[in-house]
Amino acid sequence: MALSTVTYSPAQRGIVISIPTLVLSVLIAAIMLFFLLSSLSTCSCPSSLQSFNDNNNGGDGLGEVDRKERISATKEDIEWIKDQIQANGLHMQDNVLRKGINPRTRAQQLQDLIHLDFWILGGVFSDDCALGVEKVGIFNGHVRVGVFGPVMKQYFYLDMFEDERFKGISHYEGPESDNHTALPCPGELLVEEHHSNYGEPWAGGRDVFEFLAESSHLSPNSRVLEIGCGTLRVGSHFIRYLSPEHYHCLERDELSLMAAFRYELPSQGLLHKRPLIVRGEDMDFSKFGSRVVYDLIYASAVFLHMPDKLVWVGLERLVSKLKPYDGRIFVSHNIKFCSRLGGEECTKRLTSLGLEHLGKHTHDSLLFNHYEIWFEFRRSKA
């Protein structure tokens, strides 16, 4: 059957289009669209766009608990930050002196806070916030202060005059002054004195986290146990990375735990992660439950300070809590608890526990001239 045509009269001021021409035009347009879409699906997208797609569509970028997050800085990251420093004309040697509106050293900040606490009725005064301080009055130009605890109350004089109140920190005064701070923190923690307790920069904690997380192939849904987390120099990075309640720690030192709970977790916005941090010693892991299985168990500079016998007791208790084959135990610095037995006896002892020594590793710091030594173990039996 012959195809008809549609003709518009000149009075309609239109054009004449035949149906075969119209069909052909639509077909050509469809073919062009097909090839265009095919080429787009195989293009190399810009890195920023690819990163966005990964984040939202399940790629290898930052994602939810079932996706891997990039942990270590890349060469491109390092070059980028160097370019930013150069572009802004920053030269560290020209910035030796502390700058700011009110520059204060940590010691000065602590003194400021101590002075402030004396003048706030019901304020905090002690390392562990167990004592309180009340202003009693002025006698012969001096301040008489009462220090009270759960059992007794004593008075002493401060060589500080009424007009010597420190005003460097904006603060509330009077009976309602303690109603504005939800979680009062000791001054020593506020000025981060505990960051200097490790014999090396605090930033080294990030180095340890990156090495362990990548070596163990962790994902946010993994479970981690740290033996001796201290003030969370390393642990805070794991807590931030892992899903809530997936980080556990056994720590014996009360002051370290105070720093972790009273300062590090609140100040870093990690309270919602609900880490299970338990005070205990003698390698007692009973409070973590009998059914939990870890992807990573690590001890950083902890076994060095334990008797060999106690380390072996701990390893025996930990084997059943480590995921078979894929789970890892990492121990830093050395494994003298094992090497002191002799190579053959060491291997035999590990094998009897169901553990296998996989090797020794070193990891360099990103920010300062430093490396750490780690020994890797796995559970060799299901």
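What the table shows:
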quantity	calculated
Solvent-accessible ranking of 170, 216, largest area first, probe 1.4 Å	170, 216
P(r) weight above 20 Å for segment 269-342, C-alpha pairs, percent	38
Per-peptide average of other Cβ atoms within 10 Å, ordering 184-195, 282-293, 232-243 highest first	232-243, 184-195, 282-293
Under-5 Å amide H pairs with residue 297, H placed in peptide plane, nonlocal only	225, 328, 329, 330
Gyration tensor (alpha-carbon) shape descriptor, segment 223-360, a/c threshold 1.5	prolate
Cα lying deepest toward the dipole's positive end in segment 311-368, options 343, 320, 366, charges on Cβ	320
Three-way shape label, segment 163-252, alpha-carbon gyration tensor, a/c 1.5	prolate
³J(HN,Hα) computed for each position of segment 321-335 - Karplus, 6.51 cos²θ - 1.76 cosθ + 1.60, integer Hz, glycine/proline x	9, 9, 4, x, 6, 7, x, 9, 10, 10, 10, 8, 6, 7, 10
Contact order relative to length of segment 246-360, as percent, for alpha carbon pairs under 8 angstrom and 6 or more apart	23
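The values are calculated or read from the model by the stated rules, or taken from the named source; none is laboratory data. All values derive from a computational prediction rather than experimental measurement. Don't worry about glycine lacking a Cβ; one is built from the backbone with ideal geometry, like all the others, and counts go over all protein chains shown. Protein only, heavy atoms only, side chains kept; ligands, DNA and RNA dropped before computing areas. Shrake-Rupley method; radii C 1.70, N 1.55, O 1.52, S 1.80 Å.
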